[in-house]
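In what follows, a structure is listed as structure tokens, so that the remarks can point back to it.
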Amino acid sequence: MCLVSTSPLAPSDGKEVASASSYFPSSFGRPPRNPADKLSSGYKACELLLYIYGLGPGVFYGVLPDKYYRHFCKLVFGIRTVYQRSVSITSLEKADFALREYIIQFEELYYQRKIDRLQFVRQCLHSLIHLANETLRCGPLSGCAQWCMENAVGSFGREVRSHSNTFANIANRGVLRAQINAIKARIPDLEPEPTLPRGSFPFGDGYALLRATDSTRRPVMDPEADAIHASGILDDSNQPTGPVSVLRWARLLLPNGQVSRCAWKEKSGGEKNVRCSRNVKVPLIR
């Protein structure tokens, strides 16, 4: 992740950043807190990632002068592209062009290629040149970034049982983990299939409805009924003649392991700062 120290990391009072927390699903990790209060006190790298590259274009709009804002948006575009888990070569070419433009304009805007201002040129700025090429060579960089290493270190640290000889214990746990992973790779049947919670309703392709659920079917409004008919999920041989009635379920298990919630349950709990999990992309193939 590349951050530019000259960007205003805490515009106004930062409340708009904290108020966006509920719109980040839980799969995004920890949402960014108020940067005016927490930026120099335990602000996590994941928070900065979401703040700068997620909220940045909206937060800094009207705050940065136009030439600096356009310059910043080129960085955001490039990083968002290379950070994807799946990216096309065409998209990589566009990201590489945007990042190279960003570096050249950084030299012109911030240190004007003067030797006495070289302290503004950090190593992370130069690394932007290599992101697109390294993605072609190694694949999506999000799979081999420092996040994976930090997660592994934290996992081994939680398994430490001998604090008198900590590093030797961590090394032994690492060897044991590698041996277990090798056995599971050779014999996949050793890994038990995950079980669904009680009361769930699986309906194929990795999808499953999870409780809570309505006790009775309820009629839907006309626009919702039109959407249900247009989706093709109703059996052609059993099309209802009257109003469409549905049985509402609170959550949906997705094939990637994430869980989405419906607006019915997400809004009815009355909880503050509920992480939004209603935005799901479902391709319908007919």
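The values are calculated or read from the model by the stated rules, or taken from the named source; none is laboratory data. From a predicted model like this one, the values you see are computed outputs, not experimental measurements. Reconstructed Cβ throughout: ideal geometry from the backbone, glycine too, with neighbour counts over all protein chains shown.
Worth a mention:
- Evaluating Arg161 against the criteria (1) touching a residue at least 24 places away in the same chain (Cβ under 8 Å); (2) in a loop (DSSP other than H, G, I, E, B); (3) in contact with a helix residue (DSSP H, G or I) (Cβ under 8 Å, 6 or more places away or on another chain) leaves one unmet condition, (1).
- Tally of residues being of a type outside the set (D, E, K, R), closer than 21 Å to Ala45 by Cα and more than 23 Å from the chain's Cα centre (by Cα) across the range 133-185: 2
- Hey, Tyr43 of a type outside the set (Asp, Glu), farther than 20 Å from Gly139 by Cα and over 19 Å from the mean Cα position of the chain (by Cα) or not: no
- Test result for Gly199, at pLDDT 85 or above, on the phi > 0 side of the Ramachandran plot and not aromatic (Phe, Trp, Tyr): yes
- Residues in the range 91-141 that are within 16 Å of Thr81 (Cβ to Cβ) and either of a type in the set (Phe, Trp, Tyr) or touching a strand residue (DSSP E or B) at 6+ places or on another chain (Cβ under 6 Å) (or both): Phe97, Tyr102.
- Test: residue in the range 160-177 that is over 21 Å from Gly257 (Cβ atoms) and modelled with pLDDT under 80: yes
- The range 104-126 - residue that is charged (D, E, K, R) and farther than 22 Å from Gly78 by Cα and, of those, surrounded by the fewest Cβ atoms within 10 Å (Cβ to Cβ): Asp116
- Among the residues of the range 100-124, those identified as modelled with pLDDT under 85 and either touching a helix residue (DSSP H, G or I) at 6+ places or on another chain (Cβ under 8 Å) or β-branched (Val, Ile, Thr) (or both) are Tyr111, Arg113, Ile115, Arg117, Leu118, Phe120, Val121.
- Within the set Gly157, Gly204, the sole residue that is over 30 Å from Arg80 (Cα atoms) and assigned by TED's automatic domain parsing to the domain that holds Lys265 turns out to be Gly204.
- Of all residues in the range 227-273, those satisfying the criterion of being touching a helix residue (DSSP H, G or I) at 6+ places or on another chain (Cβ under 8 Å), modelled with pLDDT of 75 or more and part of a loop (DSSP other than H, G, I, E, B) are Pro243, Val244, Arg248, Gln258.
Residue-wise test of (1) touching a residue at least 12 places away in the same chain (Cβ under 8 Å); (2) under 22 Å from Leu64 (Cβ atoms).
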{"site": "Leu109", "(1), (2)": "yes, yes"}
{"site": "Gln123", "(1), (2)": "no, no"}
{"site": "Ile129", "(1), (2)": "yes, no"}
{"site": "Leu136", "(1), (2)": "yes, no"}
{"site": "Cys148", "(1), (2)": "no, no"}
{"site": "Phe167", "(1), (2)": "no, no"}
{"site": "Leu176", "(1), (2)": "no, no"}
{"site": "Gln179", "(1), (2)": "no, no"}
{"site": "Ala185", "(1), (2)": "no, no"}
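- Cβ-Cβ under 8 Å pairs, at least 6 apart or on other chains, the range 86-98 side touching a residue at least 24 places away in the same chain (Cβ under 8 Å) and more than 17 Å from Gly139 (Cβ to Cβ), far side among the aliphatic types (A, V, I, L, M) and surrounded by 19 or more Cβ atoms within 10 Å (Cβ to Cβ): Ala98/Leu75
- Val17 vs. criteria outside any helix (DSSP H, G or I), surrounded by 17 or more Cβ atoms within 10 Å (Cβ to Cβ), within 20 Å of the chain's Cα centre (by Cα) and among the aliphatic types (A, V, I, L, M): no
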